[in-house]
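Here the structure comes first, spelled out in structure tokens, and everything after it is commentary.
The values are calculated or read from the model by the stated rules, or taken from the named source; none is laboratory data. Predicted model only: the values in this text are computed from it and were never measured. Please note: Cβ atoms are built from the backbone with ideal geometry, for glycine as well, and neighbour counts cover all protein chains shown. To get the accessible areas, we keep the full protein, side chains included, count just its heavy atoms, and leave off ligands, DNA and RNA. Shrake-Rupley method; radii C 1.70, N 1.55, O 1.52, S 1.80 Å.
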Amino acid sequence: MNDATRRPVRASIAPSAVIEDVKPQVDGGRFAVKRALGEEIVVTAAAFAHGHEKVACALRYRGPDEVGWSRIPMESLGNDRWRARFTVDRMGAWQYGVTCWIDSLASWREGYERRVDVDDMRIAAKVGAELIATSAAHATAPEREQLTEWARALREESDPVALRTLALDDTLLEIARAHAPRTGAAQSVNFPAVVDRERARFGTWYELFPRSLGKDGAHGTFADVIERLDAIRAMGFDVVYLPPIHPIGRAKRKGRNNAPAAQSGDVGSPWGIGAREGGHTAIHPELGTLAQFRDLVEAAKARGMEIAMDVAFQVSPEHPWVQEHPAWFRKRPDGTVQFAENPPKKYEDIYPIDFATTEWKALWQALREVVEYWRSQGVAIFRVDNPHTKPFAFWEWLIADIRREHPEVIFLSEAFTRPRVMHRLAKLGFTQSYTYFTWRTTKAEIEEYFTELSQDDSREYFRPNCWPNTPDILPYHLHNAGLPMFRVRLVLAATLAANYGIYGPAYELGENRPYSPKSEEYLASEKYELKRWDGDGAASLAPWIAKVNAIRHAHAALQSDWSLAFHPTDNDQIVCYSKRAGADCILVAVNLDPLRAQSGWVTLDLAALGLEDHANFRVDDLLSGESYPWRGERNFVMLDPARAPAHVFAVGRQRQP
């Protein structure tokens, strides 16, 4: 029923219903909750009134560009709590809220059922008749005639048995309640929700440097990336993320291993954006042309994949903006432009943008035009570099402005910083966020952190994307590690999170050499030089990664985050958890020790698996193909990293004893 068709509440009746604790919400409605297409928003609230008055509640919601509201009744959960749900079927901005009012007819009915004195029953029937007549005045035929006749019968009937039968007519009561005035109504604020496409909820990312894909020592091109797409798709990845593809500055260019000065032939860092060929809307000439980039976008699309671009709002000293907009950059006391630094480190090849400039409006518009330009070239996924170093207000404006016309656009926040800053960026509109998974290694750390990500209220707006490595981060546990550790970290990322990614080919080839024991930088980092990756060797993890990703794509349980449940084990080297979507249930046990076999007993939460107490059931290991009969909550696992570091079980149907 559309609220616009209902009669207004009588102004002479003061508000008397109360609404509290509406969920979900983010900061009282200041920010939107996030959902993907086809998901539900389950709304709960506390709602009540004074004394013994009964109340009724309705959930109001509307989708993008809708003026009127849809309305559905909320069910009582007891103890003054109410619940209703609706499914989001369009991308964009939604709103929802709760309305509560005095349900005089329900209060009358409850009181009538307790009456035993005949005179009381007759008087109460007349009181009910008045309420019903008011509802009839708001109804249309034929319901108006039904209610009018019911009210007349309640006034005129005197036989107590017949009167009770009349008063307790549930069908007529519901008709009357549907048309009753909303006496003493209260209404919550309207809470926002943003609905994204499905890839915001579930995606598998693969990062690569196009320039390293060339043959015979040549600089790689977009055409080389196209040749690589089938192999990436065969591994099960659906998002191919490219570092900046723009011209790289020559002045102050860094050399290999981030050396302060480049040598002849050094290619520099792609994040040193801008040269005489152009800036953020130009393409590095050796990668190809704009037409060839569009060919890459279309080639990925033809394979069910997408190209994600890096957005890095910083410039090299040769970027056109340095000369065209000097007010966008901070000056040092000697009059030179302030370069980026993190003392004692200096990054003379990069100038940060001064967002405190008095010309901030022109700056913001120029940065927006960068994103819009690449969106117009077919890119709908942007990984944003270091957003935490730019003002929050800028991101809130930019993302909202782009998504107002293009709700399909996804923004991934690359902010490895303080928790509140990361969460604020997510609230402001970033679709997905990098996480601390990269550094969570122990069983206790994994359980605590992913319980937070999947069960804390922050899950309403913080959508995690987990990466075991990046071009910037070779975490300490991967220093000089063997392939078993790479398997452990990948299976964790791929099954704990619905969105995850790897930096390859470094990952599938087990690149493990740090610049120094105390550094998380790679030795001979691809950020500063062309690499030659031998992906055809027997040591490649590509087939195993393909198997893990195939499991992800085949099982809905692994395509969302909220159902995650951990199951206790008696060995701190084994972590066990499950995810469930309807009848699809996946149970994962991982050996965190990459060097030794580990065994232990798992105590299952059978309810989380959709099983009854003491159930007999089968588990099928989707990695090895083996099956095991299990019984009840306590079961044994043994995992040898030489074979496989994990079980990824499909939990079979319950078997008869």
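In nm, give the distance between the simple-model label positions of Glu110 and Glu408, each being 7 Å from the Cα along the Cα-to-Cβ direction.
5.1
Would you pull out the residues with amide H under 5 Å of Phe313's amide H, same chain only if 5 or more places away, H placed 1.01 Å from N?
Counting only residues 5 or more places away or on other chains, the set is Asp385.
If you take every DSSP beta bridge fully contained in region 338-456, what fraction is antiparallel? Give it as a percent rounded to 5. Walk me through the numbers before you get to the answer.
Values: 3 of 10 bridges.
Looking only at bridges with both residues in region 338-456, the antiparallel portion is about 30 percent.
With a 1.4 Å probe and every protein chain kept in, tell me what percent of the accessible surface of region 319-462 is carbon plus sulfur. Before the final figure, lay out the partial values.
On the way: 3250 of 6580 Å².
Within region 319-462, the accessible surface is 49 percent carbon and sulfur.
Only four residue types carry charge here, +1 at the Cβ of Lys and Arg and -1 at the Cβ of Asp and Glu. Report the dipole size of the chain about the Cα centre in Debye, rounded to the nearest 20. Mind showing how you got there, number by number?
Working: 80 positive and 88 negative charges, 168 e Å.
Once rounded to the nearest 20, the dipole reads 800 debye.
Mind listing the long-range amide H neighbours of Ser563? Cut-off is under 5 Å, sequence gap 5 or more, other chains count too, H placed in the peptide plane at 1.01 Å from N.
Close amide H contacts, sequence-distant or interchain: Arg580.
Viscosity 0.890 mPa s, temperature 25 °C: Stokes-Einstein D of region 43-103 from its Kirkwood Cα radius, in µm² per second? Don't skip to the end; give the middle numbers.
On the way: Rh = 12.5 Å.
Answer from the Stokes-Einstein relation: 196 µm²/s.
Using only C-alpha atoms and all pairs of different ones, pull out the Kirkwood radius for the chain in Å with one decimal. Could you put the intermediate results ahead of the total?
Details: mean 1/r = 0.0350 Å⁻¹.
Radius from the Kirkwood sum: 28.6 Å.
For Tyr522, list long-range residues whose amide hydrogen, built 1.01 Å from N in the peptide plane, is under 5 Å from its own amide hydrogen.
The answer is Leu474, Tyr515.
Keeping all protein chains in place, calculate the accessible area per residue for the chain (probe 1.4 angstrom), answer in Å². Each step should come with its number before you reach the end.
Numbers: 28670 Å² over 657 residues.
Per-residue value: 44 Å².
From the backbone phi of region 349-356, what are the Karplus-calculated ³J(HN,Hα) couplings (6.51 cos²θ - 1.76 cosθ + 1.60, θ = phi - 60°) in whole Hz, Gly and Pro given as x?
For region 349-356, the Karplus curve yields 7, 9, 9, x, 7, 8, 6, 8 Hz.
Hey, if we sort Tyr476, Tyr373 by accessible area with the 1.4 Å probe, largest down, what's the order?
Working: Tyr476 120, Tyr373 65 Å².
The ranking, largest first, comes out as Tyr476, Tyr373.
Length gain on complete extension for the stretch Arg332 to Glu448, per 0.36 nm per residue less the alpha carbon to alpha carbon distance? Walk me through the numbers before you get to the answer.
Details: separation 116, 0.36 × 116 = 41.76 nm, distance 4.50 nm.
Gain on stretching Arg332 to Glu448: 37.3 nm.
Please compute the modelled spin-label separation between Ser519 and Asp119, points set 7 Å along Cα→Cβ, answer in nm with one decimal.
9.8
Using θ = phi - 60° and the Karplus curve 6.51 cos²θ - 1.76 cosθ + 1.60, what whole-Hz ³J(HN,Hα) does each residue of region 294-302 get, with Gly and Pro shown as x?
These are the phi-based 3J(HN,Hα) values: 5, 4, 5, 4, 5, 5, 5, 4, 4 Hz.
Mind checking the full-extension length gain between Arg155 and Ala302? Use 0.36 nm per residue of separation minus the Cα-Cα distance, one decimal, nm.
On the way: separation 147, 0.36 × 147 = 52.92 nm, distance 7.22 nm.
Value of the extension gain: 45.7 nm.
As a check on your grasp of the helix formula, calculate [θ] at 222 nm for the chain: sum -39500 (n - 2.57) over DSSP H runs of n ≥ 4, divide by the residue count, round to the nearest 500. Before the final figure, lay out the partial values.
Working: 15 runs with 180 residues, N = 657.
That calculation yields -8500 deg cm²/dmol at 222 nm.
Using DSSP, restrict attention to beta bridges with both residues in the chain and report what percent are antiparallel, rounded to the nearest 5. Let's see the in-between values first.
Details: 78 of 108 bridges.
Taking every DSSP beta bridge within the chain, about 70 percent pair in antiparallel fashion.
From the backbone phi of region 333-345, what are the Karplus-calculated ³J(HN,Hα) couplings (6.51 cos²θ - 1.76 cosθ + 1.60, θ = phi - 60°) in whole Hz, Gly and Pro given as x?
For region 333-345, the Karplus curve yields x, 8, x, 7, 6, 6, 8, 6, 7, 9, x, x, 6 Hz.
Using only Cα atoms, figure out Rg for region 1-150 and give it as a multiple of 2.2 N^0.38 Å. Don't skip to the answer; put the middle values down first.
Details: Rg = 18.4 Å, N = 150, 2.2 N^0.38 = 14.8 Å.
Cα Rg divided by the expected 2.2 N^0.38 Å: 1.25.
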